[in-house]
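Worksheet: the structure to be examined is printed underneath.
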Amino acid sequence: MKILYATILLLSVILSLLFLLRVLLFKTGLIYITKKWWRSIQDCFHVYQFFKVPEFDESMQENHLYRKVSIYLSSLASIEDSDFTNLFTGKKTHDIVLHLDPNQVIDDYFLGARVSWINEVKNDTNCCRTFVLKIRRADKRRILRPYLQHIHITSDELEQKKKDVKLHINIETHEHNRLWRSVPFKHPSTFDTIAMESDLKNKLRSDLESFLKAEQYYHRLGRAWKRSYLLYGPSGTGKSSFVAAMANFLGYDVYDIDLSRVLDDSDLKTLLLQTTSKSVILIEDLDRFLMDKPTSVSLSGVLNFMDGVLNACCADERIMVYTMNGKDHADPAILRPGRIDVHIHFPLCDFSSFKTLANNYLGVKDHKLFPQVEEFFQTGASLSPAEIGELMIANRNSPGRALRSVITALQTDGDGRGSLNIRKQLDDSSSRKSTGDSGEHSGIFSREGVNAMKDIRKLYGLLRLKSSKKSESFDRTPDRKDGQSTGL
(Lines give C-alpha, C1' and ligand atoms only; values in the text may rest on other atoms or scores of the structure.)
Protein backbone atom coordinates (compact mmCIF):
# COMPACT_ATOMS: atom_id res chain seq x y z
CA MET A 1 0.00 0.00 0.00
CA LYS A 2 2.85 2.37 0.77
CA ILE A 3 4.21 1.86 -2.75
CA LEU A 4 0.80 2.65 -4.25
CA TYR A 5 0.45 5.80 -2.17
CA ALA A 6 3.96 6.87 -3.12
CA THR A 7 3.23 6.33 -6.82
CA ILE A 8 0.00 8.33 -6.65
CA LEU A 9 1.76 11.11 -4.78
CA LEU A 10 4.57 11.18 -7.33
CA LEU A 11 2.11 11.39 -10.23
CA SER A 12 0.24 14.19 -8.50
CA VAL A 13 3.44 16.15 -8.00
CA ILE A 14 4.46 15.66 -11.64
CA LEU A 15 1.03 16.75 -12.92
CA SER A 16 1.09 19.79 -10.66
CA LEU A 17 4.53 20.76 -11.89
CA LEU A 18 3.46 20.35 -15.51
CA PHE A 19 0.40 22.48 -14.88
CA LEU A 20 2.47 25.18 -13.20
CA LEU A 21 4.98 25.05 -16.06
CA ARG A 22 2.20 25.46 -18.62
CA VAL A 23 0.77 28.43 -16.73
CA LEU A 24 4.23 29.92 -16.42
CA LEU A 25 4.93 29.55 -20.15
CA PHE A 26 1.63 30.70 -21.61
CA LYS A 27 0.51 33.25 -19.06
CA THR A 28 3.85 35.03 -18.75
CA GLY A 29 4.90 34.84 -22.41
CA LEU A 30 7.89 32.62 -21.75
CA ILE A 31 6.59 30.29 -24.47
CA TYR A 32 7.47 32.88 -27.12
CA ILE A 33 10.96 33.31 -25.71
CA THR A 34 11.39 29.52 -25.69
CA LYS A 35 10.28 29.30 -29.33
CA LYS A 36 12.74 32.00 -30.36
CA TRP A 37 15.59 30.19 -28.58
CA TRP A 38 14.62 26.90 -30.23
CA ARG A 39 14.51 28.55 -33.69
CA SER A 40 17.92 30.11 -33.10
CA ILE A 41 19.31 26.70 -32.31
CA GLN A 42 17.72 25.25 -35.48
CA ASP A 43 19.11 28.06 -37.62
CA CYS A 44 22.61 27.09 -36.57
CA PHE A 45 22.17 23.78 -38.41
CA HIS A 46 20.66 25.15 -41.68
CA VAL A 47 21.99 27.26 -44.51
CA TYR A 48 19.70 30.08 -45.66
CA GLN A 49 19.52 32.13 -48.81
CA PHE A 50 18.10 35.67 -48.99
CA PHE A 51 16.16 37.34 -51.81
CA LYS A 52 15.49 41.06 -51.78
CA VAL A 53 12.35 42.72 -53.23
CA PRO A 54 13.05 46.49 -53.32
CA GLU A 55 10.29 49.07 -53.61
CA PHE A 56 11.89 50.66 -56.68
CA ASP A 57 14.07 49.28 -59.45
CA GLU A 58 17.34 50.75 -60.74
CA SER A 59 15.43 53.31 -62.84
CA MET A 60 13.45 54.41 -59.76
CA GLN A 61 10.29 52.91 -61.23
CA GLU A 62 7.84 51.17 -58.94
CA ASN A 63 8.51 47.49 -58.44
CA HIS A 64 5.08 45.85 -58.81
CA LEU A 65 6.31 42.72 -57.03
CA TYR A 66 6.94 44.79 -53.89
CA ARG A 67 3.29 45.93 -53.87
CA LYS A 68 2.07 42.37 -54.39
CA VAL A 69 4.25 41.07 -51.52
CA SER A 70 2.96 43.86 -49.27
CA ILE A 71 -0.67 42.96 -50.03
CA TYR A 72 0.05 39.25 -49.50
CA LEU A 73 1.85 39.71 -46.16
CA SER A 74 -0.94 41.93 -44.84
CA SER A 75 -3.39 39.06 -45.40
CA LEU A 76 -1.40 36.51 -43.36
CA ALA A 77 -2.73 35.61 -39.93
CA SER A 78 0.84 35.36 -38.61
CA ILE A 79 1.26 39.14 -39.01
CA GLU A 80 -0.58 39.45 -35.69
CA ASP A 81 2.26 37.55 -33.99
CA SER A 82 4.80 40.18 -34.97
CA ASP A 83 6.24 42.27 -32.14
CA PHE A 84 5.23 45.52 -33.88
CA THR A 85 2.37 45.83 -36.36
CA ASN A 86 0.86 49.00 -37.83
CA LEU A 87 -2.93 49.37 -37.95
CA PHE A 88 -4.63 51.43 -40.68
CA THR A 89 -8.24 52.06 -41.62
CA GLY A 90 -9.27 50.45 -44.90
CA LYS A 91 -11.37 51.84 -47.74
CA LYS A 92 -14.54 50.17 -46.47
CA THR A 93 -16.35 51.09 -43.27
CA HIS A 94 -14.98 49.41 -40.11
CA ASP A 95 -12.21 47.79 -42.17
CA ILE A 96 -8.82 47.49 -40.39
CA VAL A 97 -5.65 46.80 -42.37
CA LEU A 98 -2.45 45.46 -40.77
CA HIS A 99 1.01 46.31 -42.10
CA LEU A 100 4.35 45.02 -40.91
CA ASP A 101 6.43 47.52 -38.98
CA PRO A 102 9.97 48.30 -40.22
CA ASN A 103 12.61 45.66 -39.48
CA GLN A 104 10.02 43.15 -38.24
CA VAL A 105 9.89 39.48 -39.24
CA ILE A 106 6.87 37.43 -40.29
CA ASP A 107 6.76 33.68 -40.96
CA ASP A 108 4.86 31.86 -43.68
CA TYR A 109 4.49 28.19 -44.60
CA PHE A 110 4.30 26.81 -48.14
CA LEU A 111 4.41 23.15 -49.24
CA GLY A 112 5.59 22.12 -45.79
CA ALA A 113 8.52 24.55 -45.73
CA ARG A 114 8.90 27.58 -43.49
CA VAL A 115 9.96 30.90 -45.00
CA SER A 116 10.46 34.29 -43.37
CA TRP A 117 9.93 37.84 -44.59
CA ILE A 118 11.84 40.80 -43.16
CA ASN A 119 10.53 44.34 -43.70
CA GLU A 120 13.90 46.03 -44.09
CA VAL A 121 13.97 49.84 -43.97
CA LYS A 122 17.25 51.74 -44.27
CA ASN A 123 17.49 54.92 -42.25
CA ASP A 124 19.33 56.89 -44.91
CA THR A 125 18.28 59.81 -47.10
CA ASN A 126 16.83 57.52 -49.78
CA CYS A 127 14.59 55.74 -47.24
CA CYS A 128 14.53 52.66 -49.43
CA ARG A 129 12.12 49.95 -48.30
CA THR A 130 12.82 46.32 -49.11
CA PHE A 131 11.18 43.00 -48.35
CA VAL A 132 13.76 40.26 -47.73
CA LEU A 133 12.75 36.64 -48.26
CA LYS A 134 14.65 34.17 -46.07
CA ILE A 135 14.43 30.59 -47.30
CA ARG A 136 16.40 27.43 -46.59
CA ARG A 137 18.76 26.59 -49.39
CA ALA A 138 17.56 22.98 -49.32
CA ASP A 139 13.98 24.17 -50.03
CA LYS A 140 14.83 26.81 -52.62
CA ARG A 141 14.62 24.75 -55.81
CA ARG A 142 11.47 23.01 -54.69
CA ILE A 143 9.31 25.94 -53.58
CA LEU A 144 10.77 29.29 -54.74
CA ARG A 145 9.03 29.67 -58.12
CA PRO A 146 5.72 28.08 -57.03
CA TYR A 147 5.76 30.28 -53.93
CA LEU A 148 6.25 33.48 -55.92
CA GLN A 149 3.45 32.44 -58.29
CA HIS A 150 1.27 31.80 -55.26
CA ILE A 151 1.97 35.34 -54.05
CA HIS A 152 1.05 36.77 -57.46
CA ILE A 153 -2.26 34.91 -57.63
CA THR A 154 -3.26 35.57 -54.03
CA SER A 155 -2.42 39.28 -54.14
CA ASP A 156 -4.36 39.71 -57.41
CA GLU A 157 -7.41 38.07 -55.86
CA LEU A 158 -7.17 40.22 -52.74
CA GLU A 159 -6.68 43.37 -54.77
CA GLN A 160 -9.65 42.53 -56.97
CA LYS A 161 -11.89 42.09 -53.93
CA LYS A 162 -10.83 45.43 -52.44
CA LYS A 163 -10.94 47.34 -55.72
CA ASP A 164 -13.53 50.09 -56.05
CA VAL A 165 -15.69 49.27 -59.05
CA LYS A 166 -16.15 52.17 -61.49
CA LEU A 167 -18.57 53.04 -64.27
CA HIS A 168 -16.93 54.49 -67.38
CA ILE A 169 -18.89 56.37 -70.06
CA ASN A 170 -17.53 57.52 -73.41
CA ILE A 171 -17.45 61.27 -74.07
CA GLU A 172 -17.60 63.21 -77.33
CA THR A 173 -14.85 65.71 -76.44
CA HIS A 174 -11.51 63.90 -76.34
CA GLU A 175 -9.62 65.78 -73.64
CA HIS A 176 -5.93 64.89 -73.83
CA ASN A 177 -6.85 61.73 -75.80
CA ARG A 178 -9.16 60.63 -72.98
CA LEU A 179 -12.22 58.92 -74.37
CA TRP A 180 -13.70 57.82 -71.04
CA ARG A 181 -15.02 59.56 -67.97
CA SER A 182 -15.54 57.49 -64.82
CA VAL A 183 -17.65 57.65 -61.67
CA PRO A 184 -17.87 55.22 -58.72
CA PHE A 185 -20.16 52.29 -59.48
CA LYS A 186 -22.58 52.09 -56.55
CA HIS A 187 -25.39 50.06 -58.11
CA PRO A 188 -26.80 47.78 -55.35
CA SER A 189 -28.09 45.03 -57.65
CA THR A 190 -26.88 41.48 -56.90
CA PHE A 191 -27.81 37.98 -58.00
CA ASP A 192 -29.86 37.68 -54.82
CA THR A 193 -32.02 40.72 -55.62
CA ILE A 194 -32.72 40.29 -59.34
CA ALA A 195 -36.05 38.68 -60.31
CA MET A 196 -35.04 35.61 -62.31
CA GLU A 197 -35.70 31.88 -62.25
CA SER A 198 -33.50 30.20 -59.67
CA ASP A 199 -32.18 27.55 -62.06
CA LEU A 200 -31.24 30.11 -64.70
CA LYS A 201 -29.66 32.36 -62.09
CA ASN A 202 -27.52 29.50 -60.73
CA LYS A 203 -26.45 28.46 -64.24
CA LEU A 204 -25.37 32.02 -65.08
CA ARG A 205 -23.49 32.35 -61.80
CA SER A 206 -21.69 29.05 -62.49
CA ASP A 207 -20.91 30.21 -66.04
CA LEU A 208 -19.24 33.36 -64.73
CA GLU A 209 -17.29 31.42 -62.10
CA SER A 210 -16.11 29.01 -64.78
CA PHE A 211 -15.00 31.93 -66.95
CA LEU A 212 -12.86 33.38 -64.15
CA LYS A 213 -10.85 30.14 -63.94
CA ALA A 214 -10.55 29.48 -67.68
CA GLU A 215 -7.61 31.68 -68.73
CA GLN A 216 -5.29 28.79 -69.58
CA TYR A 217 -8.09 26.91 -71.32
CA TYR A 218 -8.94 29.83 -73.62
CA HIS A 219 -5.29 30.46 -74.44
CA ARG A 220 -4.71 26.78 -75.18
CA LEU A 221 -7.54 27.02 -77.72
CA GLY A 222 -5.99 30.13 -79.26
CA ARG A 223 -8.99 32.27 -78.33
CA ALA A 224 -9.31 35.57 -76.51
CA TRP A 225 -10.28 35.15 -72.87
CA LYS A 226 -13.68 36.82 -73.15
CA ARG A 227 -17.36 35.93 -72.85
CA SER A 228 -20.23 37.56 -74.76
CA TYR A 229 -23.83 37.80 -73.57
CA LEU A 230 -26.96 38.99 -75.38
CA LEU A 231 -29.76 40.18 -73.09
CA TYR A 232 -33.03 40.64 -74.94
CA GLY A 233 -36.57 41.40 -73.82
CA PRO A 234 -39.05 44.26 -73.37
CA SER A 235 -38.10 47.43 -71.54
CA GLY A 236 -38.25 47.25 -67.76
CA THR A 237 -37.57 43.52 -67.51
CA GLY A 238 -34.27 43.87 -65.60
CA LYS A 239 -31.55 43.76 -68.26
CA SER A 240 -29.60 46.71 -66.84
CA SER A 241 -29.99 45.40 -63.28
CA PHE A 242 -28.60 42.05 -64.41
CA VAL A 243 -25.52 43.78 -65.89
CA ALA A 244 -24.99 45.54 -62.55
CA ALA A 245 -25.34 42.23 -60.72
CA MET A 246 -22.71 40.69 -63.00
CA ALA A 247 -20.30 43.57 -62.36
CA ASN A 248 -20.78 43.36 -58.58
CA PHE A 249 -20.39 39.57 -58.62
CA LEU A 250 -17.16 39.71 -60.62
CA GLY A 251 -15.83 42.95 -59.14
CA TYR A 252 -15.33 44.25 -62.70
CA ASP A 253 -15.49 47.84 -63.93
CA VAL A 254 -18.29 48.69 -66.38
CA TYR A 255 -17.59 50.45 -69.70
CA ASP A 256 -20.93 51.73 -71.01
CA ILE A 257 -20.55 52.61 -74.70
CA ASP A 258 -23.08 55.09 -76.10
CA LEU A 259 -22.88 54.44 -79.85
CA SER A 260 -24.57 57.76 -80.63
CA ARG A 261 -21.46 59.52 -79.29
CA VAL A 262 -19.00 57.46 -81.32
CA LEU A 263 -17.58 59.41 -84.26
CA ASP A 264 -16.79 56.51 -86.61
CA ASP A 265 -15.63 52.87 -86.78
CA SER A 266 -12.07 53.86 -85.90
CA ASP A 267 -13.27 55.73 -82.82
CA LEU A 268 -15.13 52.61 -81.69
CA LYS A 269 -11.91 50.57 -81.94
CA THR A 270 -10.04 53.21 -79.94
CA LEU A 271 -12.63 52.95 -77.19
CA LEU A 272 -11.95 49.23 -76.96
CA LEU A 273 -8.20 49.87 -76.82
CA GLN A 274 -8.63 52.13 -73.79
CA THR A 275 -10.60 49.62 -71.75
CA THR A 276 -8.84 47.60 -69.08
CA SER A 277 -8.88 43.93 -68.23
CA LYS A 278 -11.36 42.68 -65.60
CA SER A 279 -14.15 44.77 -67.08
CA VAL A 280 -17.69 44.49 -68.45
CA ILE A 281 -18.13 46.24 -71.80
CA LEU A 282 -21.78 47.17 -72.33
CA ILE A 283 -23.67 48.34 -75.43
CA GLU A 284 -27.38 48.89 -74.75
CA ASP A 285 -30.26 48.95 -77.27
CA LEU A 286 -28.06 47.71 -80.10
CA ASP A 287 -31.09 46.77 -82.23
CA ARG A 288 -32.58 50.27 -82.05
CA PHE A 289 -29.30 51.88 -82.99
CA LEU A 290 -28.84 49.70 -86.06
CA MET A 291 -32.49 50.11 -87.13
CA ASP A 292 -31.98 53.88 -87.25
CA LYS A 293 -29.28 53.27 -89.91
CA PRO A 294 -26.60 55.48 -88.39
CA THR A 295 -24.02 57.24 -90.54
CA SER A 296 -21.29 57.37 -87.86
CA VAL A 297 -20.82 53.68 -87.05
CA SER A 298 -21.46 51.01 -89.68
CA LEU A 299 -22.70 47.46 -89.20
CA SER A 300 -19.28 46.26 -90.31
CA GLY A 301 -17.67 48.39 -87.59
CA VAL A 302 -19.94 46.86 -84.96
CA LEU A 303 -19.18 43.32 -86.18
CA ASN A 304 -15.43 43.96 -86.08
CA PHE A 305 -15.82 45.40 -82.59
CA MET A 306 -17.59 42.23 -81.45
CA ASP A 307 -15.27 39.69 -83.03
CA GLY A 308 -12.43 41.23 -85.01
CA VAL A 309 -8.64 41.03 -84.85
CA LEU A 310 -8.49 43.94 -82.41
CA ASN A 311 -11.06 42.25 -80.19
CA ALA A 312 -8.98 39.06 -80.14
CA CYS A 313 -5.86 41.03 -79.17
CA CYS A 314 -7.30 43.50 -76.64
CA ALA A 315 -10.35 41.84 -75.09
CA ASP A 316 -8.67 39.42 -72.68
CA GLU A 317 -10.43 38.99 -69.32
CA ARG A 318 -13.48 40.94 -70.43
CA ILE A 319 -17.22 40.34 -70.46
CA MET A 320 -19.03 41.74 -73.51
CA VAL A 321 -22.75 42.46 -72.98
CA TYR A 322 -25.26 43.64 -75.60
CA THR A 323 -28.93 44.39 -74.93
CA MET A 324 -31.86 44.37 -77.35
CA ASN A 325 -35.63 44.68 -77.04
CA GLY A 326 -35.91 41.72 -79.41
CA LYS A 327 -33.63 39.72 -81.67
CA ASP A 328 -36.17 38.76 -84.36
CA HIS A 329 -35.10 41.61 -86.64
CA ALA A 330 -31.41 41.56 -85.74
CA ASP A 331 -28.85 40.79 -88.42
CA PRO A 332 -27.90 37.06 -88.23
CA ALA A 333 -24.24 38.04 -88.46
CA ILE A 334 -24.52 39.71 -85.04
CA LEU A 335 -26.09 36.66 -83.40
CA ARG A 336 -23.74 34.00 -84.70
CA PRO A 337 -21.63 31.94 -82.23
CA GLY A 338 -18.30 33.59 -81.53
CA ARG A 339 -19.87 37.03 -81.42
CA ILE A 340 -22.58 36.02 -78.96
CA ASP A 341 -21.86 33.09 -76.61
CA VAL A 342 -24.93 33.19 -74.35
CA HIS A 343 -28.47 34.35 -75.21
CA ILE A 344 -30.60 35.33 -72.18
CA HIS A 345 -34.28 36.16 -72.58
CA PHE A 346 -35.83 38.61 -70.12
CA PRO A 347 -39.61 38.10 -70.31
CA LEU A 348 -42.37 39.99 -68.59
CA CYS A 349 -42.89 39.10 -64.95
CA ASP A 350 -44.39 35.72 -64.01
CA PHE A 351 -45.58 34.61 -60.58
CA SER A 352 -42.15 33.25 -59.56
CA SER A 353 -40.50 36.56 -60.37
CA PHE A 354 -43.34 38.39 -58.65
CA LYS A 355 -42.64 36.54 -55.38
CA THR A 356 -38.98 37.56 -55.60
CA LEU A 357 -40.00 41.18 -56.10
CA ALA A 358 -42.47 41.02 -53.20
CA ASN A 359 -39.73 39.69 -50.94
CA ASN A 360 -37.23 42.35 -52.07
CA TYR A 361 -39.54 45.36 -52.08
CA LEU A 362 -42.00 44.52 -49.29
CA GLY A 363 -40.22 41.87 -47.22
CA VAL A 364 -43.17 39.53 -47.82
CA LYS A 365 -42.56 35.85 -48.58
CA ASP A 366 -46.20 34.81 -48.40
CA HIS A 367 -49.53 36.63 -48.25
CA LYS A 368 -53.22 35.79 -48.39
CA LEU A 369 -53.47 37.72 -51.70
CA PHE A 370 -50.77 35.62 -53.41
CA PRO A 371 -53.26 33.02 -54.76
CA GLN A 372 -55.26 35.80 -56.37
CA VAL A 373 -52.13 37.26 -57.97
CA GLU A 374 -51.10 33.80 -59.21
CA GLU A 375 -54.52 33.33 -60.78
CA PHE A 376 -54.11 36.48 -62.86
CA PHE A 377 -50.66 35.41 -64.03
CA GLN A 378 -52.06 32.01 -65.04
CA THR A 379 -54.71 33.71 -67.20
CA GLY A 380 -51.93 35.37 -69.24
CA ALA A 381 -51.90 38.82 -67.63
CA SER A 382 -48.44 40.18 -66.95
CA LEU A 383 -46.45 43.29 -66.09
CA SER A 384 -42.79 44.12 -66.33
CA PRO A 385 -40.68 43.89 -63.14
CA ALA A 386 -40.12 47.67 -63.34
CA GLU A 387 -43.88 48.33 -63.35
CA ILE A 388 -44.52 46.01 -60.41
CA GLY A 389 -41.54 47.48 -58.55
CA GLU A 390 -42.88 51.00 -59.04
CA LEU A 391 -46.23 50.02 -57.53
CA MET A 392 -44.56 48.30 -54.57
CA ILE A 393 -42.27 51.25 -53.84
CA ALA A 394 -45.25 53.62 -53.81
CA ASN A 395 -47.10 51.38 -51.32
CA ARG A 396 -44.15 49.93 -49.41
CA ASN A 397 -45.62 50.82 -45.99
CA SER A 398 -48.66 48.63 -46.63
CA PRO A 399 -47.97 45.25 -48.28
CA GLY A 400 -51.69 44.56 -48.62
CA ARG A 401 -52.32 47.81 -50.45
CA ALA A 402 -49.28 47.17 -52.66
CA LEU A 403 -50.53 43.72 -53.64
CA ARG A 404 -54.05 45.04 -54.29
CA SER A 405 -52.61 47.72 -56.58
CA VAL A 406 -50.72 45.03 -58.52
CA ILE A 407 -53.91 42.97 -58.80
CA THR A 408 -55.81 46.00 -60.09
CA ALA A 409 -53.10 46.71 -62.64
CA LEU A 410 -53.13 43.09 -63.83
CA GLN A 411 -56.91 43.12 -64.00
CA THR A 412 -57.11 46.44 -65.87
CA ASP A 413 -55.27 45.59 -69.02
CA GLY A 414 -53.02 42.59 -68.37
CA ASP A 415 -50.17 42.08 -70.78
CA GLY A 416 -51.15 44.89 -73.08
CA ARG A 417 -51.46 47.68 -70.56
CA GLY A 418 -49.29 50.73 -70.79
CA SER A 419 -47.40 52.92 -68.36
CA LEU A 420 -50.31 55.38 -68.11
CA ASN A 421 -52.38 52.76 -66.28
CA ILE A 422 -49.52 52.20 -63.85
CA ARG A 423 -49.40 55.94 -63.21
CA LYS A 424 -53.17 55.95 -62.64
CA GLN A 425 -52.89 53.14 -60.10
CA LEU A 426 -50.14 55.04 -58.30
CA ASP A 427 -52.24 58.18 -58.08
CA ASP A 428 -55.31 56.24 -56.91
CA SER A 429 -53.28 54.52 -54.20
CA SER A 430 -51.63 57.77 -53.11
CA SER A 431 -55.01 59.50 -52.78
CA ARG A 432 -56.11 56.82 -50.31
CA LYS A 433 -53.08 57.32 -48.06
CA SER A 434 -52.91 59.55 -45.02
CA THR A 435 -51.41 63.01 -45.30
CA GLY A 436 -48.14 62.04 -43.65
CA ASP A 437 -47.69 58.89 -45.70
CA SER A 438 -48.44 60.46 -49.03
CA GLY A 439 -46.19 63.38 -48.30
CA GLU A 440 -43.21 61.08 -48.10
CA HIS A 441 -43.86 58.45 -50.73
CA SER A 442 -46.39 58.60 -53.52
CA GLY A 443 -47.50 62.21 -53.29
CA ILE A 444 -44.75 63.09 -55.71
CA PHE A 445 -46.38 60.96 -58.38
CA SER A 446 -49.73 62.79 -58.19
CA ARG A 447 -48.13 66.24 -58.17
CA GLU A 448 -45.99 65.37 -61.17
CA GLY A 449 -49.06 64.06 -62.99
CA VAL A 450 -51.08 67.23 -62.31
CA ASN A 451 -48.27 69.55 -63.38
CA ALA A 452 -47.65 67.50 -66.51
CA MET A 453 -51.32 67.66 -67.50
CA LYS A 454 -51.43 71.42 -66.95
CA ASP A 455 -48.48 71.85 -69.32
CA ILE A 456 -50.08 69.55 -71.90
CA ARG A 457 -53.35 71.48 -71.76
CA LYS A 458 -51.57 74.82 -72.20
CA LEU A 459 -49.61 73.51 -75.18
CA TYR A 460 -52.72 71.94 -76.70
CA GLY A 461 -54.65 75.19 -76.26
CA LEU A 462 -51.93 77.21 -78.00
CA LEU A 463 -51.90 74.82 -80.95
CA ARG A 464 -55.65 75.06 -81.31
CA LEU A 465 -55.55 78.87 -81.12
CA LYS A 466 -53.03 78.99 -83.96
CA SER A 467 -55.02 76.58 -86.11
CA SER A 468 -58.33 78.43 -85.50
CA LYS A 469 -57.27 81.98 -86.42
CA LYS A 470 -58.96 81.68 -89.79
CA SER A 471 -62.29 80.38 -88.39
CA GLU A 472 -62.47 83.12 -85.65
CA SER A 473 -63.99 80.67 -83.21
CA PHE A 474 -62.58 78.40 -80.48
CA ASP A 475 -64.47 75.54 -78.85
CA ARG A 476 -63.13 74.74 -75.36
CA THR A 477 -65.29 71.67 -74.80
CA PRO A 478 -63.06 69.24 -76.73
CA ASP A 479 -60.08 70.54 -74.81
CA ARG A 480 -61.77 69.75 -71.53
CA LYS A 481 -62.74 66.31 -72.72
CA ASP A 482 -59.23 65.60 -73.85
CA GLY A 483 -57.89 66.65 -70.48
CA GLN A 484 -60.38 64.40 -68.70
CA SER A 485 -59.61 61.37 -70.82
CA THR A 486 -55.84 61.60 -70.31
CA GLY A 487 -55.86 62.88 -66.74
CA LEU A 488 -54.03 60.83 -64.16
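The values are calculated or read from the model by the stated rules, or taken from the named source; none is laboratory data. In this text the structure is predicted, and so the values were computed from the model without any measurement. Every residue, glycine as well, gets a Cβ built from its backbone with ideal geometry; the counts of neighbours run over all protein chains shown. The protein model used for the area step is the full one, side chains on, heavy atoms only, and it has no ligands, DNA or RNA in it. Shrake-Rupley method; radii C 1.70, N 1.55, O 1.52, S 1.80 Å.
Answer rounded, prolate or oblate for the stretch 297-346, using the Cα gyration tensor with square roots of eigenvalues a ≥ b ≥ c: rounded when a/c is under 1.5, else prolate when a/b is larger than b/c, else oblate. Since a/c reaches 1.5 but b/c is at least a/b, the shape of the stretch 297-346 is classed as oblate. Backbone geometry of the stretch 364-373 corresponds, through the Karplus equation with coefficients 6.51, -1.76 and 1.60 at θ = phi - 60°, to 3J(HN,Hα) couplings of 10, 9, 8, 7, 5, 8, 4, x, 5, 5 Hz, x marking Gly and Pro. Here the Karplus curve 6.51 cos²θ - 1.76 cosθ + 1.60, taken at θ = phi - 60°, turns the phi angles of the stretch 382-398 into couplings of 7, 9, 7, x, 5, 5, 5, x, 5, 5, 5, 5, 5, 10, 5, 7, 9 Hz, with x standing for Gly and Pro. Per-residue surface analysis assigns Ile153 an accessible area of about 100 Å², computed on protein heavy atoms at 1.4 Å probe radius. Measuring between alpha carbons in the structure, the pairs from Lys186/Lys355; Lys239/Lys327; Lys163/Lys278 lying more than 20 angstrom apart are Lys186/Lys355. In this view, the solvent-accessible surface of Cys44, computed with a 1.4 Å probe and all protein chains in place, comes to about 110 Å². For the stretch 229-364, the solvent-accessible area of protein heavy atoms averages 40 Å² per residue (probe radius 1.4 Å; ligands and nucleic acids excluded). Amide H to amide H distances under 5 Å link Tyr255 with His168, Val280, Ile281, Leu282, where only residues 5 or more positions off or on other chains count and H is placed in the peptide plane. His343 contributes about 70 Å² of solvent-accessible surface, heavy atoms of the protein only, 1.4 Å probe. Computed from phi, the 3J(HN,Hα) profile of the stretch 294-306 under the Karplus parametrisation 6.51, -1.76, 1.60 (θ = phi - 60°) reads x, 9, 7, 10, 8, 4, 4, x, 5, 5, 5, 5, 6 Hz, with x in place of Gly and Pro. For the stretch 188-291, the fraction of 1.4 Å probe accessible surface lying on carbon and sulfur atoms is 47 percent.
The packing ranking of peptides 240-249, 191-200, 45-54, highest mean first, is 240-249, 191-200, 45-54, where packing means the average number of other beta carbon atoms within 10 angstrom of each residue.
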